[in-house]
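Asks: First, the structure itself, so that you have it in front of you.
The values are calculated or read from the model by the stated rules, or taken from the named source; none is laboratory data. Because the structure is a prediction, the values reported are computed rather than measured. Here the Cβ positions follow ideal geometry from the backbone for every residue, glycine too, while neighbour counts run over all protein chains shown.
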Amino acid sequence: MADALILGGGLAGGAAALLLARAGKSVCLVERETGPHHKICGEFLSIEAHSHLADLGIDAAALGAVPIDRVRLISGPVRIDAALPFTALGLSRHILDEVLLERAEAAGVTLERGVRVLEMVGTRVRTSLGERSAGTVLLATGKLPVREGGQERKEKDSDRYVGFKMHYRLSRPAQEQLAGVVQLTLFEGGYAGLQMIEGGCANLCLIVRRSRLSQIGRNWSDMQAMLASLPRGGEWLCEAEPLFAKPVTIGNLSYGMAPACRPDDPVFRLGDQAGMTASLTGDGMALALRSAFIAAECLLEGKDAAHYRQRHRAQTGRQLTRAMALQRVLEQPVLRTMGVGLLKMRPGLLTRFAQGTRLGAYPRLPERVMVAP
Ligand SMILES: Cc1cc2nc3c(=O)[nH]c(=O)nc-3n(C[C@H](O)[C@H](O)[C@H](O)COP(=O)(O)OP(=O)(O)OC[C@H]3O[C@@H](n4cnc5c(N)ncnc54)[C@H](O)[C@@H]3O)c2cc1C
């Protein structure tokens, strides 16, 4: 039996596996996908995210990531450009998550691919290949709830978001327009992020309320047509070549802190399983990586899951609260119009918002969690 069983091989699971294996723990990680895959994500690596990757010995720039140092907000006919308070990077999850898993395997992690977690009862895990257990279970299966103790997690919000993502090859002028920029387009019922990633490609990732989606249409062509018809921000689409046969999609996204669990819950919940921050702040990957650092730190100090939850909340609560407040403002048409009007007059506020929704620096890394490349 392994010291730690990690469920899900995204950023949170991969990073926790790597940290624990490098510290000498035996780790088994189960991942439902059989190989590299695309995930719903804007692929915007904030300064905190790529700093955490550097702490893990992963140089995102060396993997082809492109620098992003400006933000462009589009709402109706209004376009606002401002500097980001840091240099972010654009890199696909297809590359990034795989590198992390490769490093974890090289550090001694037993990686079981193509194995799906079906249900958990405490630290007993039923998978598509039978039952698994371990001294410690870390749940890092991402955005959607896992069935626990015979029950689905109850969500507060009935009109949840649906997410879409597509990679494109852009025309030369469109590439030039987008170089170094993350473009956020607000529209009724949702928003879209567009930016360059490695290999001269662009990533479009958007969320839309389910109720609004049914008005827009039935398929991806209808969604693209809606974006192209916006007064600004959709011009690039007319000459863009989609690079997937169909978009990556996910339904029923539920943002905010995950519902509270029992105080004696023994499971370490990482990344999006601990809470999903508003996507437009581009800090979800940083939060996922941070949760892996905190979990590894706690486990190596012999602390339990309750202690982990406390430390996790202390470090991530502020980001989540601020990011969710911003998302709620943008969801209200009146507040959105007022906010955009204000930003138009004072674009520097956009830089301040980007700064104010950061995760913040990681308290000094304990010796054992700090890892050599
Ligand atoms: C629309 C949108 C845009 C976003 N844009 C950005 C952005 O630009 N920048 C940013 O920093 N963050 C962004 N995020 C947030 C970011 O994608 C997540 O916070 C981050 O991926 C969380 O990492 P994770 O490891 O918790 O989960 P994931 O990265 O989702 O990994 C979970 C893993 O678990 C596996 N898995 C799932 N279910 C099972 C199962 N039952 N059994 C076994 N394995 C399973 C999956 O295959 C996956 O590999 C965005 C989120 C959304 C919704």
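Asks: Regarding T185, is this residue farther than 20 Å from Q273 by Cβ and touching a residue at least 60 places away in the same chain (Cβ under 8 Å)?
Replies: yes
Asks: Hey, can you tell me all the residues within region 205-243 that are closer than 25 Å to V181 by Cα, touching a helix residue (DSSP H, G or I) at 6+ places or on another chain (Cβ under 8 Å) and among the aliphatic types (A, V, I, L, M)?
Replies: Listed by number, the residues that qualify are L206, I207, V208, M223, M226, L227, A228, L237, A240.
Asks: Scan region 243-257 and give yes if some residue there is surrounded by 23 or more Cβ atoms within 10 Å (Cβ to Cβ) and either more than 18 Å from the chain's Cα centre (by Cα) or not polar (S, T, N, Q) (or both), otherwise no.
Replies: no
Asks: Just one of C201, C261, C238 is surrounded by fewer than 14 Cβ atoms within 10 Å (Cβ to Cβ) and over 16 Å from the mean Cα position of the chain (by Cα); which is it?
Replies: The unique qualifying residue is C238.
Asks: Looking at D97, is it surrounded by 18 or more Cβ atoms within 10 Å (Cβ to Cβ) and more than 23 Å from L350 (Cα to Cα)? Steps first, answer last, please.
Replies: Details: surrounded by 18 or more Cβ atoms within 10 Å (Cβ to Cβ): yes; more than 23 Å from L350 (Cα to Cα): yes.
The answer is yes for D97.
Asks: In region 98-112, what residues are outside any loop (DSSP other than H, G, I, E, B) and out of contact with any Asp or Glu (no Cβ under 9 Å at 6 or more places or on another chain)?
Replies: Answer for region 98-112, where residues must be outside any loop (DSSP other than H, G, I, E, B) and out of contact with any Asp or Glu (no Cβ under 9 Å at 6 or more places or on another chain): E98, V99, L100, E102, R103, A104, E105, A106, T110.
Asks: Could you list, in sequence order, all residues of region 175-226 that are assigned to a loop (DSSP other than H, G, I, E, B), within 15 Å of the ligand (Cβ to nearest atom) and not hydrophobic (A, V, I, L, M, F, W, C)? Write out each step before concluding.
Replies: The first filter runs over region 175-226 and keeps only residues assigned to a loop (DSSP other than H, G, I, E, B), leaving 179-180, 188-189, 197, 217-219.
Imposing the further condition that a residue be within 15 Å of the ligand (Cβ to nearest atom) reduces the set to 189, 197.
Of everything in region 175-226, just one residue is assigned to a loop (DSSP other than H, G, I, E, B), within 15 Å of the ligand (Cβ to nearest atom) and not hydrophobic (A, V, I, L, M, F, W, C), namely G189.
Asks: So for region 126-133 (the condition being away from the ligand (no atom under 15 Å from the Cβ) and more than 30 Å from L343 (Cβ to Cβ)), does at least one residue qualify?
Replies: So far as region 126-133 goes, yes, one or more of its residues are away from the ligand (no atom under 15 Å from the Cβ) and more than 30 Å from L343 (Cβ to Cβ).
Asks: Here's another thing I want to ask about it. What helices (runs of 4 or more DSSP H), lying completely within region 302-369, carry at least 1 residues that are loosely packed, with under 13 Cβ neighbours inside 10 Å and either within 20 Å of the chain's Cα centre (by Cα) or charged (D, E, K, R) (or both)?
Replies: 305-331, 348-356
Asks: Could you count how many residues in region 249-293 are more than 8 Å from the ligand (Cβ to nearest atom), in contact with a Cys (Cβ under 9 Å, 6 or more places away or on another chain) and of a type in the set (A, V, I, L, M)?
Replies: 1
Asks: Pull out all pairs, ordered by first then second residue, where Cβ-Cβ is under 7 Å, the residues are six or more apart or on different chains, the first lies in region 94-123 and is on the phi > 0 side of the Ramachandran plot, and the second is surrounded by 20 or more Cβ atoms within 10 Å (Cβ to Cβ) and not charged (D, E, K, R).
Replies: Every condition considered, the pairs that remain are G108/A21.
Asks: Does I207 satisfy the condition of being under 16 Å from I40 (Cα atoms), surrounded by 14 or more Cβ atoms within 10 Å (Cβ to Cβ), in contact with an Asp or Glu (Cβ under 7 Å, 6 or more places away or on another chain) and modelled with pLDDT of 95 or more?
Replies: Taking the combined requirement at face value, the residue does not satisfy it.
To keep it simple, each residue is scored yes or no on (1) surrounded by 18 or more Cβ atoms within 10 Å (Cβ to Cβ); (2) under 24 Å from E105 (Cβ atoms); (3) away from the ligand (no atom under 11 Å from the Cβ).
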residue	(1), (2), (3)
A21	yes, yes, yes
H37	no, yes, no
G57	no, yes, yes
L63	no, yes, yes
I68	yes, no, no
R72	yes, no, yes
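Asks: Please enumerate the residues belonging to region 134-145 that are part of a strand (DSSP E or B) and within 11 Å of the ligand (Cβ to nearest atom).
Replies: Those that are part of a strand (DSSP E or B) and within 11 Å of the ligand (Cβ to nearest atom): L138, L139.
Asks: Another one. Please go through region 5-16 and pick out each residue that is under 17 Å from L300 (Cα atoms) and assigned to a strand (DSSP E or B).
Replies: L5, I6
Asks: Filter region 113-132 down to the residues that are assigned to a loop (DSSP other than H, G, I, E, B), over 23 Å from the mean Cα position of the chain (by Cα) and loosely packed, with under 13 Cβ neighbours inside 10 Å and list them by number.
Replies: Scanning region 113-132 gives S128, L129.
Asks: For region 308-322, check the following and say yes or no: at least one residue is within 26 Å of L213 (Cα to Cα) and either in contact with a strand residue (DSSP E or B) (Cβ under 7 Å, 6 or more places away or on another chain) or aliphatic (A, V, I, L, M) (or both).
Replies: yes
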